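The values are calculated or read from the model by the stated rules, or taken from the named source; none is laboratory data. Note that this is a predicted model, so its numbers are computed, not measured. Cβ coordinates were reconstructed from backbone atoms using ideal geometry, including for glycine residues, and neighbour counts include every protein chain displayed.
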C-alpha cells in the first residue's frame, strides 16, 4: 500500500494505491463517513494482478473538503475530476454503500469515465428513506461486522466529523438513485451480503434489475461491508470484470 496525492476538483485528493502500475485499473469508492482504509482487505486480494486505488472523497480520510458537506452530485463531480486527473477513467469501479450512489450519479454526467461497475450494498432503499430508519439499520448491522471494522471506522468518523457525516446522510436520503440506474450502460454487478440489514434483498434485487446489464450476486452470511468482512467473494466478482 502506498499513498498518492493528486490536485483535482479544487483540493489535494489522497488515495491509497496497491498493485502493479501496469495492471488493469480498479477504483474503490467508499461509503458514508469512511475512507480508503476499510477497503484494504479487498485491495490486498486484488493487488496481485490489478492496480487498485481507493481515493478519499473531499472531507473524508486524507482529502480536505469544503466547509459544508458535498451532496451526491458534488461527490461524483469530485470523483470525476480525480479520475480525469489521474488517467483512471474506464477502470472497474467498486462502490460500497453510499459509494454506490456516487458511482451511479457519475454515470449521469460523465458516462465515459465508467468501466464495469460493482455495487456492494447499494443505498438508499427507497422504502426506508428516513434518518431514523437508516440509523436503526446501521445499528442493527454493527454486531454483524467484524469488531476490527469499527475500530477503523471510529477514527474515520472522528476525522471527518460527525456533523459532516450527518449532513452527508441527509444528501444521500434526498438522492433518488433508482431513477438513475438506467444511465449505467456497461456491465454491472450488485453484490449483497445475505445478513445485511441496511440493504434488504428486495432492494438489492430492484437495483440489479434497474441496471441495463445488471446481475445480482449474494454472499451468504455476509453483512453490509463485504469489502472488509468477507472480501474474497467480492474480489472474485471484480476479477471477472477485468480485461483478460
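Worth pointing out:
- Residue ID - surrounded by the fewest Cβ atoms within 10 Å (Cβ to Cβ), chosen from residues in region 31-68 that are closer than 23 Å to residue 171 by Cα and over 17 Å from the mean Cα position of the chain (by Cα): 67
- Among the residues making up region 131-160, a single one is outside any helix (DSSP H, G or I) and either buried (at least 18 other Cβ atoms within 10 Å of the Cβ) or free of Cβ contacts under 8 Å to residues at least 60 places away in the same chain (or both): 145.
- Qualifying residue in region 166-184 (condition: within 20 Å of residue 228 (Cα to Cα) and modelled with pLDDT of 95 or more): no
- Test result for residue 56, in contact (Cβ under 8 Å) with a residue 40 or more places away in the chain and in contact with a strand residue (DSSP E or B) (Cβ under 9 Å, 6 or more places away or on another chain): yes
- Within region 71-87, the set of residues being surrounded by fewer than 21 Cβ atoms within 10 Å (Cβ to Cβ) and touching a strand residue (DSSP E or B) at 6+ places or on another chain (Cβ under 8 Å) comprises 81, 84, 85, 86.
- Looking across region 88-102, the residues that are surrounded by fewer than 24 Cβ atoms within 10 Å (Cβ to Cβ) and over 11 Å from residue 53 (Cβ atoms) come down to 89, 90.
- Only one of the numbered conditions (1) in contact (Cβ under 8 Å) with a residue 60 or more places away in the chain; (2) farther than 22 Å from residue 165 by Cα; (3) in a loop (DSSP other than H, G, I, E, B) is violated by residue 70, and that is (2).
- Residue 221 farther than 17 Å from residue 178 by Cβ, surrounded by fewer than 24 Cβ atoms within 10 Å (Cβ to Cβ) and modelled with pLDDT of 95 or more: yes
- Pairs where the first residue, in region 6-25, is on the phi > 0 side of the Ramachandran plot and the second is buried (at least 20 other Cβ atoms within 10 Å of the Cβ) and assigned to a loop (DSSP other than H, G, I, E, B), C-beta under 6 Å, 6+ apart: 19/50
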